[in-house]
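J.: Supplied in structure tokens, the structure appears directly below.
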Amino acid sequence: MAAVADNFVPVRQMNQLTVVPVRGGFGREVENQANTVVAQIARKLGARYQLLHASDTLSSDALQSVLNDPAIKKVIDTVKRTQCLVFGIGRADEMAVRREFTSEQIKSLETEKAVAESFGYYFTREGIIVHELETLGINFGDFQRIPNVIGVAGGAKKAEAIYTIARLKPDLILITDEAAA
């Protein structure tokens, strides 16, 4: 997603558009945080943006508390009305490590044959959800409902994950590179 933002070339000013992150942040690199990517894309489009100031790895109790915050609620309400989603497609094993899963959780994903991760869901090659994170923002039902969906992934190692996610939404638009293709 950060590469998409870096290479984004606007064709016109879109001051009626609002860009929002559909998930909270995680990881340690600020350049790859959802809020950073959203702000960068919005600036290039001449669009408005909203930020989601919350971690994507909150405990269940903390998540429920955060969802009552008016500023967070406003962003989540916007996310639920979105008409276009741009999201990353990841390998299940790599995303589990990035999200600092325990060795038992990683072993469980391997046993369940998870190959892909997107928006906090871990899928088998057949598209079966084998693990779901309780997170802010978008859920699988939202993904299915949103009419314009653009998946982003690159590298030959992500080919199986791309194949899996693409099967979940036949009209998915894919941004990828030659190695993955």
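The values are calculated or read from the model by the stated rules, or taken from the named source; none is laboratory data. Note that the structure is a prediction, hence the values are computed from the model and not measured. For neighbour counting, all protein chains shown are included, and Cβ atoms are generated from backbone atoms with ideal geometry for every residue, glycine included. In case anyone asks, the SASA skips ligands and DNA or RNA and just uses the protein heavy atoms, side chains included. Shrake-Rupley method; radii C 1.70, N 1.55, O 1.52, S 1.80 Å.
J.: Quick check on K74: is it open to solvent by 50 Å² or more (accessible area, probe 1.4 Å), basic (K, R), at pLDDT below 95 and in a helix (DSSP H, G or I)?
T.: yes
J.: Would you check if A166 is small (G, A, S) and open to solvent by 60 Å² or more (accessible area, probe 1.4 Å)?
T.: On the way: small (G, A, S): yes; open to solvent by 60 Å² or more (accessible area, probe 1.4 Å): no.
Spelling it out, it is not the case that A166 is small (G, A, S) and open to solvent by 60 Å² or more (accessible area, probe 1.4 Å).
J.: Still on this model: Could you figure out which of (1) touching a Leu at 6+ places or on another chain (Cβ under 9 Å); (2) modelled with pLDDT under 85; (3) of a type in the set (A, V, I, L, M, F, W, C); (4) in a helix (DSSP H, G or I) isn't true of A62?
T.: With respect to (1) touching a Leu at 6+ places or on another chain (Cβ under 9 Å); (2) modelled with pLDDT under 85; (3) of a type in the set (A, V, I, L, M, F, W, C); (4) in a helix (DSSP H, G or I), A62 is out only on (1).
J.: Looking only at the stretch 112-160, count how many residues are open to solvent by 50 Å² or more (accessible area, probe 1.4 Å) and within 17 Å of V22 (Cα to Cα).
T.: 7
J.: While we're here: Could you say which residue among T102, T164, T135, T176 is polar (S, T, N, Q) and in contact with an Asp or Glu (Cβ under 6 Å, 6 or more places away or on another chain)?
T.: Values: T102 fails: in contact with an Asp or Glu (Cβ under 6 Å, 6 or more places away or on another chain); T164 fails: in contact with an Asp or Glu (Cβ under 6 Å, 6 or more places away or on another chain); T176 fails: in contact with an Asp or Glu (Cβ under 6 Å, 6 or more places away or on another chain).
T135 is the lone residue from the list that is polar (S, T, N, Q) and in contact with an Asp or Glu (Cβ under 6 Å, 6 or more places away or on another chain).
J.: I would also like to ask the following. In the stretch 96-111, is there at least one residue being closer than 21 Å to V38 by Cβ and either touching a Gly at 6+ places or on another chain (Cβ under 9 Å) or open to solvent by less than 20 Å² (accessible area, probe 1.4 Å) (or both)? Give the steps one after another, and end with the answer.
T.: To start, the set of residues in the stretch 96-111 that are closer than 21 Å to V38 by Cβ comprises 98-99.
Filter once more, so that each one left must be either touching a Gly at 6+ places or on another chain (Cβ under 9 Å) or open to solvent by less than 20 Å² (accessible area, probe 1.4 Å) (or both): 98-99.
Checked against the condition, which is being closer than 21 Å to V38 by Cβ and either touching a Gly at 6+ places or on another chain (Cβ under 9 Å) or open to solvent by less than 20 Å² (accessible area, probe 1.4 Å) (or both), the stretch 96-111 yields at least one hit.
J.: With the condition kept exactly as written, say whether any residue in the stretch 79-88 is in a helix (DSSP H, G or I), small (G, A, S) and closer than 23 Å to Y49 by Cα. I'd like the intermediate steps shown before the answer.
T.: Restricting attention to the stretch 79-88, the residues satisfying the condition of being in a helix (DSSP H, G or I) are 79-80.
Keeping just the survivors that are small (G, A, S) gives none.
Checked the stretch 79-88: no residue is in a helix (DSSP H, G or I), small (G, A, S) and closer than 23 Å to Y49 by Cα.
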